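Structure record follows, encoded as structure tokens.
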Amino acid sequence: MARTLRVLTQLMGWSSVAIGLFHVALGNAAIPGAGSAGPTVDSWGRFMGASFVGYGLAWLWAARQRPVPARAVRLLAGVFLLGGVGRLLSFALHGRPQWFQIVLAVIELTLPPVFFWLAGAEERASRDGAEAVTAGR
């Protein structure tokens, strides 16, 4: 479980950093179906791309800890889940987005429960291991 959590946490980190840099570099062109949304949305998108780089760096920080901190994973996965909920809200208020946005929403809504489960399992395993060491003294 610990290895799976670490690998998925690293994957989230590196993919978030890459996606964020992609948005910083390309602006509106990085958003499928957005076309030319104008300079205001381009500016906002590039800023949000930089924020996503920071989000990815937080995932990478968590992945480097021994053990991977369950609290940090839950917080970061919760933010990811909130993004998926935001996409659902947009869908309900404004209609169906470009197909790739739907794929992203599915990922954002299904991956956080996996992180919640893995973080809990890792936390229990760490606690049980610490109790076993303490009981052996």
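The values are calculated or read from the model by the stated rules, or taken from the named source; none is laboratory data. Being a predicted model, the structure only gives us computed values, none of them experimental. A quick note on method: Cβ atoms are made from the backbone with ideal geometry, for glycine too, and the neighbour counts reach across all protein chains shown. Ligands, DNA and RNA are stripped out before the accessible areas are found, and what is left, the full protein with its side chains, is counted by its heavy atoms. Shrake-Rupley method; radii C 1.70, N 1.55, O 1.52, S 1.80 Å.
A straight chain from Ala29 to Trp117 at 0.36 nm per residue would run longer than the Cα-Cα distance by 28.1 nm.
The listed residues Met48, Met1, once ranked by accessible area (1.4 Å probe) with the largest placed first, stand as Met1, Met48.
Solvent-accessible area of Thr4, all protein chains in place: 70 Å² (probe radius 1.4 Å, heavy atoms, ligands and nucleic acids excluded). Out of the total accessible area of the chain (probe 1.4 Å, heavy atoms of protein only), what percent is carbon and sulfur? The value for the chain is 69 percent carbon and sulfur by accessible area. What the chain shows is 63 Å² of accessible area per residue, with the surface traced by a 1.4 Å probe over protein heavy atoms. Taking a ≥ b ≥ c as the square roots of the eigenvalues of the Cα gyration tensor, an a/c ratio of 1.5 or more together with a/b no larger than b/c marks the range 26-107 as oblate. A prolate overall shape is assigned to the chain, the ratio a/c of its alpha-carbon gyration tensor axes (a ≥ b ≥ c) being 1.5 or greater and a/b exceeding b/c. The order of the peptides 115-121, 32-38 by mean Cβ neighbours within 10 Å, most packed first, is 115-121, 32-38.
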